Structure formats: C-alpha cells, structure tokens
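Only one structure is covered here, and it is reproduced in the block below.
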Amino acid sequence: MGVSEKIKEIEEEMKRTQKNKATEYHLGLLKGKLARLRAQLLEPTTTGAGAGTGFDVSKSGDARIALVGFPSVGKSTLLSKITKTKSEVAAYSFTTLTAIPGVLEYGGAEIQILDLPGIIEGASEGKGRGRQVISAAKTSDLIMMVLDATKKAEQRALLEAELEAVGIRLNRTPPNIYLKAKKAGGMKITFTSPPLYLSEKLISSILRDYKLLNCEVLVRDEAATVDDFIDVIMKDHRKYIKCLYVYNKIDCISLEHLDSLAREPHTAVMSCELDLGVMDVVDRAWEELALLRVYTKRKGVQPDFSEALIVRGGSTVGDVCDQVHRNLKESFRYALVWGKSAVHVPQRVGLGHSVCDEDVISIVTK
C-alpha cells in the first residue's frame, strides 16, 4: 500500500470515529501517524522529473511574497499591476504554469513577488503542481492568498486545508511546548498547569510512535492540543507564515458583503479589473511584512533618505551593524539615534537598542 493510500485510509477512519472524550486518545494517535505520512509524501524523490522539487527561482530582495490561490482569481493581473513583470493573463484556468517572479519597489525596499500556478484541491498530495507550489510558498515571508470575493467561503476553506496539510501554519506562532531529545533517561513529561486537551499517556504514546523514547517535554500552555504537540515534534516540516487574504472582484458583490469582508482580520479587498484598492493591498502587505526602514548618517553630514537599510521588525542596532558590514560590531563604541525609538534626540545607545521604522542612526566606532 502506497503512502497516499495509507493517508486516505487514516482519514476515512478519522471520519468514521465519533469525537468524544472516549475517542480522544485514539484520534490523537491517528493524527500523529497522518502527520508523519503527509511529511513523507512531500519529501523529494529520486523518481520522476523534478518530483517533489520547488521552482527554480532564487530568493532575492528584502522579502518574498507568494501569491497563492485557485486558477483564474487574478494573481497574474495583480502581479502585472504592482510590478513591471507581465505575467500572462487569460480568462481560463492554468494560464500560469510555472512561478513568475516580479519585484515590488516600496519605500526603498525591493520585495520579490512570486506568482505561483493555481492550487487545485489535492495539491497537498502532489496533484497538479502542488508540491512545487507548496515548496515555493514555504520559502516566502508572506503568503498573499488571492480569493474570488463571490466564492469566499469554499475557496478559503479549501486553500487553508491544503496548506495546513503540508505543515504551513498561517498567522500563528509556534506552540508553547518545549521538547528536547536525549540519549538516555526515558521520557520526562511536565505540565506547568493542568492541561485541557493533553494527557501524559497520550503524549508518551505519540512519542513512542515517533521513536522518541528518551526526551524531555514541558507543556507551558494549558490549552495546547494534540495537533500543537505533533507540530512541535514535526518542527522541521512546519513553517509559520503570515498570510494576507486578498479578495478580488469586489465589483461583483453587494456593499454589505464588501463591508463584512473588509472588516475581517488580515484582509484586503480590491478589483483588479477596475483598478480599485490595488495600492491598498500593497500597503497592507507592507504592514504584514513588518519591515523597517533605517537611514544611516555620517558625522556632520545629512542622512540620505533616498536609500534605506531594510531590517526585520524587532531588529536592534546590532542587526543594523550587520547589515552595514559583518565586522562593524567589532569596532562599535556607541550609536546616536534620531526617530521614534529615541527617548530624546539624539539618544546615545548600545547594540541592544531596538530600532523603529524610519529611524536615523549614526554609528560611532573605536
């Protein structure tokens, strides 16, 4: 029996099993087996041309955004409008057959946009070009899920299910569970507070199923679930990525429906055909990426606001030094900061000082 058949067999058994307190243990073990098989299904293979591999597009720029969606929802049109790349557009499915890269210039940053082929149901099992699309999506800093506003419910649910099945976790953070494998000593399982959904018996059974016989587990979240614990075990196959849900074709829905969509979290609305809200989508994508623009200043010289250093949200002066030169921290004395992060202007700070968007920094060396 192949991996796909085993997956379907477990999924059918889970559907047949009623969810209640008595079946929690059995369903938990099935979820563990299912996660392991799905990871195995998506591993690169040596048979078949390009089986399990991603698209050959090198990552470039300050961040990467992957356009994900079903065929003919407007991904290629959006790419053409926000970059100088012309991706083929047509009113039929599967116009895009490979990854089309483009570059979005925003506030001094260069953001790579990947227009990926349309996902079809069953992509997580390798149908269509599912493996390649998913592989490319996992390398992105933001997934922009482009949806047809007239088909919101079914499209979003199916796409989320496909991405969830291959270990992509949208707009979530890793579970607050500590797991460390050891060479000997057996299992040590600890809860910081009484768990709501996990038990020591269930955790130890899942660990044995994964051949983790010697390890230390600390569950810090009382609301952690079986799925959360499996994600911790499968951390090498899990990717936590921000997602912006972009609803296209808003000219085809009512004002009440549009107002409801626009108020949902991590959401932007637009009409590519009428060129409505496209730049609002770009602005929202920038917010979701949480990139920071930092300007450097030499002593006695005005900063050059035409060229910014792009750093990740939460970065420090030390991270800025690494961006300027990898050895700069070795001769660092202090930095002067102007901007939102400064208590007074200028503020003298060290390497650990957190920077804000559009800060100006002057680095003083020994």
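The values are calculated or read from the model by the stated rules, or taken from the named source; none is laboratory data. None of the values given here were measured: they were computed from a predicted structure. In this analysis, Cβ positions are derived from the backbone assuming ideal geometry, glycine residues included, and neighbour counts consider all displayed protein chains.
The table for this structure:
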| item | result |
| --- | --- |
| Meets criteria (of a type in the set (Gly, Ala, Ser), buried (at least 17 other Cβ atoms within 10 Å of the Cβ), in a loop (DSSP other than H, G, I, E, B) and not assigned by TED's automatic domain parsing to the domain that holds SER271) for ALA184 | no |
| Residue check, LEU258 assigned to a helix (DSSP H, G or I), in the same structural domain as GLU160 (by TED's automatic domain parsing) and among the aliphatic types (A, V, I, L, M) | yes |
| Matching residues in the range 305-323 - criterion: being out of contact with any strand residue (DSSP E or B) (no Cβ under 7 Å at 6 or more places or on another chain) and either surrounded by 11 or more Cβ atoms within 10 Å (Cβ to Cβ) or of a type in the set (A, V, I, L, M) (or both) | GLY318, ASP322 |
| Count of the range 325-366 residues which are over 26 Å from ALA63 (Cα atoms), small (Gly, Ala, Ser) and either assigned to a loop (DSSP other than H, G, I, E, B) or under 30 Å from the mean Cα position of the chain (by Cα) (or both) | 2 |
| Contacts under 8 angstrom Cβ, first residue in the range 309-328 being under 25 Å from GLU105 (Cβ atoms), partner among the polar types (S, T, N, Q) and modelled with pLDDT of 95 or more, 6 or more apart | GLY314/SER354; SER315/SER354 |
| Members of the range 12-38 found to be farther than 16 Å from ILE203 by Cα and touching a residue at least 60 places away in the same chain (Cβ under 8 Å), listed by number | ARG38 |
| Any hit, the range 121-141, residues being basic (Lys, Arg), at pLDDT 75 or above, surrounded by fewer than 20 Cβ atoms within 10 Å (Cβ to Cβ) and assigned by TED's automatic domain parsing to the domain that holds MET270 | yes |
| Which listed residue is at positive phi and either touching an Asp or Glu at 6+ places or on another chain (Cβ under 7 Å) or of a type outside the set (Phe, Trp, Tyr) (or both), from GLY313, GLY339 | GLY339 |
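Residues checked against (1) over 17 Å from GLY74 (Cβ atoms); (2) charged (D, E, K, R); (3) not assigned by TED's automatic domain parsing to the domain that holds GLY352:
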residue: SER254; (1), (2), (3): yes, no, yes
residue: ASP283; (1), (2), (3): yes, yes, yes
residue: ARG298; (1), (2), (3): yes, yes, no
residue: VAL317; (1), (2), (3): yes, no, no
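So that you can scan it fast, the table gives a plain yes or no per residue for (1) more than 18 Å from ILE363 (Cα to Cα); (2) assigned to a strand (DSSP E or B):
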| position | (1), (2) |
| --- | --- |
| GLU264 | yes, no |
| GLU288 | yes, no |
| TYR295 | no, yes |
| ARG298 | no, no |
| GLY318 | no, no |
| GLN323 | no, no |
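Per-residue answers, yes or no, for (1) at positive phi; (2) surrounded by 14 or more Cβ atoms within 10 Å (Cβ to Cβ); (3) not hydroxyl-bearing (Ser, Thr, Tyr):
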residue	(1), (2), (3)
MET145	no, yes, yes
ARG169	no, yes, yes
LYS180	no, no, yes
ILE189	no, yes, yes
ILE203	no, yes, yes
LYS211	yes, no, yes
